[in-house]
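Every read-out reported here was derived from the displayed coordinates using simple, explicitly stated rules and does not represent laboratory data. Being a predicted model, the structure only gives us computed values, none of them experimental. Note that we place each Cβ from the backbone using ideal geometry, even for glycine, and neighbour counts take in every protein chain shown.
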């Protein structure tokens, strides 16, 4: 893996089987679910990623919780060091408790806003202690379902205040806001890359940026190349990436590379061109495929696509853009992918 | 409720809080979840529905399972009789066990197909014993996610064979197939009303029809009035309805009536005109609203919309259609809804 | 109309029959198409709007072109004065010539960018002369269809430079950028309200804002209430509105009010609450309905919905929001729209 | 081209520039638009297709109309013979006259239904005379836009009667019904493959089948492999194909192969497996690319994808399906497309 341009990682919990609202007990034998140290060992021995991304585990009981927190941070770091794995992201869970169901940073309840900010600060503190440079904010429950359900004006301001307080808590830790159009809410507050950047402008702190989950953009009417260009053109605010695939209709969290081909190659062009140099994390829900193999397969697609871009060269691809002739481009890809 | 045209019902489990893939422990205090007899009492005392729809409970342990089955059928019936409630539908759970995750009637594994058929026969037997005229088939896990994942030809034939065997098991029990475009699969096998009717033609049994979940049609590019007309025009094969609402992008299972207004009134026109006389069941996921009140609110919207159709009269609405002039129609609704 | 809160207008050409890519000769008898003065007379005599919005007519030949320009500006103003009509918007046509097919402000061809800026300056000059406070920029051809088709980085900069030059040309004229997710391009450059505001921040001129076409937002996964709140919260940058309706799947430009009910009432709440005081223009394509009546019907829905908001009062609706209880809201609307 | 499995064709008018509702004068210099004989010569000399598909030209004035009809059939056939081109489809234009704007076979006006049937019979007569085995029915204007606009029950019956009369007119000519979810209507009557097959069952004539426009299915939530399997499993009713590409959101009619890769390869697998042996026509709108080159590029992608399937073999691909393991499949395609 030494020649890779990018550092690849995975959300640690992806190695376990997920559940959904229909199959609540999980898409696999519950006895096969593994704890945090078993998962680190699995990732380490598998050897396809350089980094891990983990939930923040705020409480004392590290035994049953799959994440990193005050009670297990040293052991987690030691276990990762053993395999040369970096902790590239810690993300506080902002969606997993029914008391968060109507929002966190944008909750109408000031107590929940305060708890949210404090939870995230603690995550930042742990991140700082274990040399993790980044925390991820995916506020799934922030948004609305019904007409007249929220006060859009106030929600915006609460978000600006909350994230600003977080940013000031430790300017050395980068904070990534992850947009998603909807689900679990009918409309998410942090919904698109441009809306997130607009909010970030109001927040006005250098350590706040965007985490691009490409599956969210695919089904959110966004083009991957363009949103990468916009986020990077905006003071290099693309801080992190989540990689998976879908059919542009909903967030299926499928194996990266299984659906789109040229679109993803174009994405790697723009990542190289804009100098992206941070982690790309596999983020999938392996409902019906082997989790570890699904992760590996996604990483191999990323390697293959980036190698394609490297071998062809930015110049050649840039000239296709300059030509302004889509027929040259489609011919180029036909010959490259399927032969003369 | 004596003057109602239709019989309204609800899926019993809707009175409890749901979970989803992000908030797996449930959108409410787990200690407040109730068992089957508590829920029947709740529905009975609330008094907004005439019927209940329940999962089939195949096993012996009726204590922790919310449904009706061999082990509790007499007690369930007695509890419902106490409140004058009818059991209008029993539905075998075809999505809740990870061994069903790649399909049931259309599984490539013959053992799973056999188990599925047998499970559904047992549900039919219980239905017959408790005077329930209908079983509901929503095969959420049947479909596919990835390219080249299933053999479409074989899947079709397995479905024809399986449902035909079921239909012949007891021709006095109606069987309703419920289409949904996708979720939890990227593509569902039973996906749209016309596709379901095409399959029903191949099955060729009189006791097989369609359960229309209007939310599925709304986000599946279907028009409610039209699919009701087609299903009823097809030998009155509309056997059951599931009622909720959404924004035409995904299956949000919101409170019926909360989003659409004129569209739902048009649906009630077509239900009356085509002589629909079966149950309409509330089918929602009350993630962030009170479940019992969400059910009641949906029923009240149904009553109000059907009353609107009755008061205006089929003749008046039929003349709007005959006029072929959408401006007459929109003017009519503007004046009716918002006043002169 | 004296009691109206808002000033309603219409795009003048809406009174004629449109065409589309399939019925290119137009959805009506070509002999019934009317010129600019006939249309002004028609609008004036109909008396449902206070304002008109018109294409900019750059050339000398005013006879066959439906718009306002150097050659007919005095006559147009005189004709409008006769009926007390205000010219509320002039919009340069940025999509109607095949030489614009690959973009205008964002064209890779500097000559086309220059022509575009000059065209728009001339439109601003005419606007100033006829007391029209606003020009509308809907750049339908700016965007892309194919992978690797445009240089997203350069396009952004060209847009910033071009609109800034325009804004400085006459700071007294407001310039409205109108987002639309797609069509005629696969991806539009000016695509959503937040992306437009992000661009406006880079442009950094006070006379540049947003024109919200609500149909574009409806099918672009946006919520009308929220985008109005965001644009108005952003230094009152909501400069103009285009009113029509659709089913959230594509830009059907149907009669306003014909599809959505509660959603549009919520929009009028947010317009009043955020102090919107500019024109709302009907913008429809009356393919198969009478154009003048389609316009009138849309205006009547706007009046009725705003009257509803006024009569109920901002306080009552604000309390529904404060309650945070969607069941209160849906009950309120059920009783108001369909009776107790 | 002698080794090709399939016969490729193109809709003749695709060689000219299209227009749309915004750029009504056409996406190219009007002086470069060509007539029917120039286009045949162009196609013949280009030599990328074996067949042509043409509009039916009912009137006497063949000079300005691009199609084939009573007045020019001999000359058209002679011109095509010169280049060895087959006339594989004639399609009556059912959308191009404003009197058809509210429908044709399903119009509420019996005179229009009669004119439609007669028009199509004349097209069949010409087809028979020039050895064209097929007529194409794409009824773009049949459907509805507004609530309560059409009587769904009557429309269905009118369609059954009309197409049956057509089928009986000449059982030797195949008739293909082409589904499309929407556009230009908000909801099309002939909308999906299964709905079309359900209608065909009611029509009950052997010479009525489906024309699959893959772009329509892509944005209509259908999977190409599955609908081919269903149509072919239904007595080989897949009669014709229209080839283009889009992003699954609307009918962009882009160059075939420019967007999707694995999805289209899967389609060629199912075409071979189900024994499809009819024409595949390029059907695109070359708004901003050279039309002739856009056609050629699409044909080359079809050749390359079918060659891929042939070289890999149906057995190998069939085993991927049998494995039921999407990871095997995605690995296979990664290695084939991007190398080990």
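Just a few scattered comments:
- Relative protection proxy for D:263-272, A:157-166, A:89-98, D:316-325, from highest mean packing down: D:263-272, A:89-98, A:157-166, D:316-325 (other beta-carbon atoms within 10 angstrom).
- Normalised by the number of residues in region A:7-313, the mean separation of alpha-carbon contacts (under 8 Å, six or more apart) gives a relative contact order of 17 percent.
- Average other protein chain Cβ within 10 Å of Cβ, residues D:297-305: 3
- Three-way shape label, region D:16-82, alpha-carbon gyration tensor, a/c 1.5: oblate
- Our note on the geometry: Cα centres of region A:143-173 and region C:140-183, 29 Å apart.
- Nearest-first distances (nm) between copies at residue C:41, label 7 Å from Cα via Cβ: 4.9, 7.9, 9.0
- Above 20 Å, the calculated P(r) of region B:133-229 contains 36 percent of its Cα-Cα pairs.
- Residues D:276, C:148, sorted so that the one with the fewest Cβ neighbours within 10 Å comes first: D:276, C:148
- Region B:7-313: C-alpha gyration tensor shape, a/c 1.5 cut-off, then a/b vs b/c: rounded
- Across peptide C:254-265, the average count of Cβ atoms from other chains found within 10 Å of a residue's Cβ is 6.
- Across the identical copies, the label point of residue B:312 (7 Å from Cα in the Cβ direction) is separated from its matches by 2.0, 5.3, 5.5 nm, in order from shortest.
- Under 16 Å from the residue D:7 label point (7 Å along Cα→beta-carbon), backbone N, region D:126-166: D:127-136
- Inter-chain Cβ neighbour count for A:154-161, averaged per residue, equals 1 (cutoff 10 Å, partner chain atoms only).
- Each copy carries a label point for residue D:96 at 7 Å from Cα along the beta-carbon vector; from one copy to the others these points are 2.5, 5.8, 6.2 nm apart, nearest first.
- Take the Cα of residue D:129, step 7 Å toward its Cβ, do the same at residue C:328, and the gap between the two points is 7.5 nm.
- For the protein assembly as shown: rounded, prolate or oblate by the Cα gyration tensor [a/c cutoff 1.5]: rounded
- Nitroxide proxy distance, nm - points 7 Å out along Cα→Cβ at residue B:46 and residue B:99: 3.4 nm
- In region B:279-340, Rg over Rh equals 1.13, where Rg is the alpha-carbon radius of gyration and Rh the Kirkwood radius from pairwise Cα distances.
- Peptide ranges D:34-40, D:212-218 listed from the most packed, as the mean C-beta count within 10 angstrom indicates: D:212-218, D:34-40
- Spacing of the modelled spin labels on residue C:236 and residue A:157, each 7 Å from Cα toward Cβ, amounts to 1.7 nm.
- On the basis of the beta-carbon distance and an R0 of 45 Å, residue C:336 and residue A:24 show a calculated FRET efficiency of 0.75.
- Cα centroid separation - region A:78-107 against region B:227-284, whole Å: 41 Å
- Using C-alpha pairs below 8 Å separated by at least 6 residues, the relative contact order for region C:237-340 is 29 percent.
- Counting only DSSP H runs of at least 4 residues, each contributing -39500 (n - 2.57), and dividing by the residue count of chain B, the helix-based mean residue ellipticity at 222 nm comes to -13500 deg cm²/dmol.
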